[in-house]
Amino acid sequence: KQGKDIQAYWAYCGKDSWYTLRCLLSQMERLNPTDYAVSNYLKTFKLQYPAIYCAFEGFAIDNGKRLELKKQAEEKAATLLQNLQTMSASPAFNPASSVQVGKLLYDVLGAKKPERTSKPQYTPTGKLKGPSTNETTLNRLAMQHPLIARFVSDILEYRGEMKGIS
């Protein structure tokens, strides 16, 4: 326990849940069933098995469907990985590695570093970090050349599938 007041903690959680529920109900009351939000929710939410995880407590989960979607994502990720390794001529290429992606795009394909829009980033040892390979930067690099765009689209799709699997 170490000085923690469990009653106060439970009271805080209860109040937080109560006000969150009231906000949700208020938003649902104002929502028009023909709005984009409703149709988008009905189309896409059911496809996002990680989004409905919620520790699998209190929800009826169709584990068969979840496993089917996971298998599809794993197959797609494996295909994307194989394509990227073939296109890069490197059987060890890992699109999840920012170092390898940076070397491929900047050193091999000759992508130009986009202008920094924020302060320079440093490693814990004080070195200036190399060029970024986050989604925003990769999308900016994709505009430089169709070949770079081809790699970037597969890298981002691979990363998305792997995030969904995890």
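Things worth noting here:
- SER17 contributes an accessible area of around 70 Å² to the protein surface, as traced by a 1.4 Å probe with all chains present.
- Among the listed pairs LYS112/LYS163; LYS76/LYS103; LYS70/LYS163; LYS43/LYS65, those with a Cα-Cα distance over 19 Å are LYS112/LYS163; LYS76/LYS103.
- Area accessible to solvent at CYS23, 1.4 Å probe radius, in Å²: 80
- Here's the list of aspartates and glutamates a cross-link from LYS71 could span, going by alpha-carbon distance under 12 Å and ignoring same-chain residues fewer than 8 apart: GLU161.
- A protection proxy built from the mean count of other Cβ atoms within 10 Å ranks the segments 145-156, 68-79, most packed first, as 145-156, 68-79.
- Label separation (ALA149 vs ARG30): 3.9 nm, computed from points 7 Å beyond Cα along the C-beta direction.
The values are calculated or read from the model by the stated rules, or taken from the named source; none is laboratory data. Note that the structure is predicted; figures quoted are calculated from it, not measured. All Cβ positions, even for glycine, are placed from backbone atoms using ideal geometry, and neighbour counts span all protein chains on display. Protein only, heavy atoms only, side chains kept; ligands, DNA and RNA dropped before computing areas. Shrake-Rupley method; radii C 1.70, N 1.55, O 1.52, S 1.80 Å.
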